[in-house]
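Here, each number is a calculation from the coordinates, and none is a lab measurement. Note that this is a predicted model, so its numbers are computed, not measured. Methodologically, a virtual Cβ is constructed for each residue, glycine included, from the backbone with ideal geometry; neighbour enumeration extends over all protein chains shown.
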Amino acid sequence: MSINKAILKYLDEKGISHSVLVRKTGISKQNLSRILGSDDLKISQLNEICKALNLPVTYFFGVNEIDDHAKLTQRISELEEMLKDKKFRIKIYDKIEKERVYKWGNELIDEKFSYFSPEQRAYALKFISEDRIPKYSKRKYFDENQLVKYKEDLLIDLENFVEYEEEIRDLLDAQN
């Protein structure tokens, strides 16, 4: 049984409505329905759900007691195999992150850097959405629970682009 189905079964057995879970987790009703209706559950979301239900995270892995080490180890191995699958990683991270960063980048450029030429805009968007240059880029990984902080980091990246534009352009061109 998938984790999502196990959560739904638990909610049904305990008579807990989605509205109660929405209130306790802070996850929107639309997002909760989406994540429980698909296999797209993120670890951070599972943590929030378990915290709201006062359950250990292991509860939905088919391990009801922490002492059941063999079952937990087996389930962890299964999850590690899933993470190795490139399609799984792309589905969860790459597509959402790239689209969101590109959209936010355009919004921030329109709002704070409206003087950018079309060429500057193209380089800035490439810098923040595709290529990560650690010296200039603050962002690491996408975390849905820190969207505000993430958008602030994009603004910092764009400010770094303005300050080091020539050097960043050279690095981006060299990568192609």
Legend entry - Dipole of segment 3-84, positive end: most advanced residue of Tyr59, Ser77, Leu21 [Cβ charges, Cα centre]: Leu21
Legend entry - Proxy reagent accessibility, fewest Cβ within 10 Å first, across Ile16, Ile27: Ile16, Ile27
Legend entry - Phi-based couplings in Hz for segment 151-167 (Karplus 6.51, -1.76, 1.60; Gly and Pro marked x): 5, 4, 5, 4, 4, 4, 4, 5, 5, 5, 4, 4, 5, 10, 3, 4, 5
Inset, instruction - Any of Lys51/Lys98; Lys14/Lys51; Lys103/Lys126; Lys51/Lys103 with alpha carbons more than 20 Å apart? Name them for me. - result: Lys51/Lys98; Lys51/Lys103
